[in-house]
Amino acid sequence: MRTVPGLSGQFANQTNLKNIKMAYKITDDCVACGTCMGECPTGAISEGDIYKIDPNVCIDCGTCADACPMGAIVAGE
Ligand code: SF4
Ligand code: SF4
């Protein structure tokens, strides 16, 4: 598991520090319901046949993964 160095302040408070990896990813289980997009605090998620997470914008907070009814969002490696 890779860790993200230098995470501090508000981001640290929003992040499960035991689970820091790369950006979260949306898998083929996505049914494009849009729930995750409305929950993401940084606007990292965009629409599509399968929704996508921009790894440069995602802060690994995990909110989308908790919100997804399909369990389609997983922590990256
Ligand atoms: S909440 Fe889950 S199923 Fe819905 S758009 Fe997001 S990833 Fe896809
Ligand atoms: S982990 Fe957080 S920041 Fe990243 S896409 Fe999901 S809700 Fe947005």
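The values are calculated or read from the model by the stated rules, or taken from the named source; none is laboratory data. Quick caveat, the model's predicted, so the values are computed rather than measured. Cβ atoms come from the backbone with ideal geometry, glycine included; neighbour counts cover every protein chain shown.
Where residues in the stretch 68-77 are in a loop (DSSP other than H, G, I, E, B) and modelled with pLDDT of 95 or more, which of them is farthest from ligand 1 (Cβ to nearest atom)? Break it down into steps so the answer makes sense when it comes.
First, pick out the residues of the stretch 68-77 that are in a loop (DSSP other than H, G, I, E, B): 68-72, 75-77.
From what is left, the residues that are modelled with pLDDT of 95 or more are 68-72, 75.
Values: Cys68: 3, Pro69: 6, Met70: 4, Gly71: 8, Ala72: 4, Ala75: 13 Å.
Result: Ala75.
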Practice item. Could you look through the stretch 10-61, keep only residues that are modelled with pLDDT under 95 and among the basic types (Lys, Arg), and pick out the one that is surrounded by the most Cβ atoms within 10 Å (Cβ to Cβ)? Key: Lys21
**Study point:** Subset of the stretch 41-67 (residues that are near ligand 1 (Cβ under 9 Å from one of its atoms), assigned to a loop (DSSP other than H, G, I, E, B) and touching a strand residue (DSSP E or B) at 6+ places or on another chain (Cβ under 8 Å))
**Key:** Ile50, Tyr51
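Okay, residues lined up against (1) within 8 Å of ligand 2 (Cβ to nearest atom); (2) farther than 12 Å from Lys25 by Cα:
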site	(1), (2)
Met37	no, yes
Pro41	yes, yes
Lys52	no, no
Cys58	yes, no
Met70	no, yes
